[in-house]
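J.: Before I ask anything, let me first share the structure, which is written out below as structure tokens.
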Amino acid sequence: VRTDEMKYYTKYSMTSIITSFTWASAPFFVAAVSYTTFALISSENHLDPSTAFVTLTLFYLIRFPLALLPQTITFVVQAYVA
């Protein structure tokens, strides 16, 4: 029984690590995908420092709401179940 319990905790820990990493790296991926899309959508788009710094500031501002998104989803599901 203890071996099965340890397998469960190992699986839970690995899933928790992957989920935490995914949500922690979400702001970086949002910025990278946005810059890539901006550059590839038209040949006239040039990523200059003013555009890059303004968008980095905006991405910094949405970092906190992105961090709270998993918790918000959990609360919504709990409210729906209740």
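J.: Taking the dipole about the Cα centre of the chain, with the C-beta of Lys and Arg at +1 and of Asp and Glu at -1, give me whichever of T72, A39, Y12 is farthest to the positive side.
T.: Y12
J.: Here's another thing I want to ask about it. In the chain, what chymotrypsin sites (Phe, Trp or Tyr not before Pro) fall in a loop by DSSP, with at most 12 other Cβ atoms inside 10 Å?
T.: Sparse-neighbourhood loop chymotrypsin sites (Phe, Trp or Tyr not before Pro): none present.
J.: With mean projected area of the Cα convex hull in nm² defined as stated, name the option among (i) 6.2; (ii) 8.6; (iii) 5.7 computed from the structure displayed.
T.: So the calculated entry is the one marked (ii).
J.: Which value, in debye to the nearest 20, gives the size of the charge dipole of the chain about its Cα centre, when Lys and Arg are +1 and Asp and Glu are -1 at the Cβ?
T.: 340 debye
J.: I'd like to check one number: the per residue accessible area of the chain, probe 1.4 Å, reported in Å² as a whole number.
T.: 86 Å²
J.: Run the accessible area of the chain with a 1.4 Å probe and give the carbon-and-sulfur part as a rounded percent.
T.: The computed percentage sits at 72.
The values are calculated or read from the model by the stated rules, or taken from the named source; none is laboratory data. None of the values given here were measured: they were computed from a predicted structure. Heads up, the Cβs are rebuilt from the backbone with ideal geometry, glycines too, and the neighbour counts pull from every protein chain shown. Surface accessibility is based on the protein's heavy atoms, side chains included, excluding ligands, DNA and RNA. Shrake-Rupley method; radii C 1.70, N 1.55, O 1.52, S 1.80 Å.
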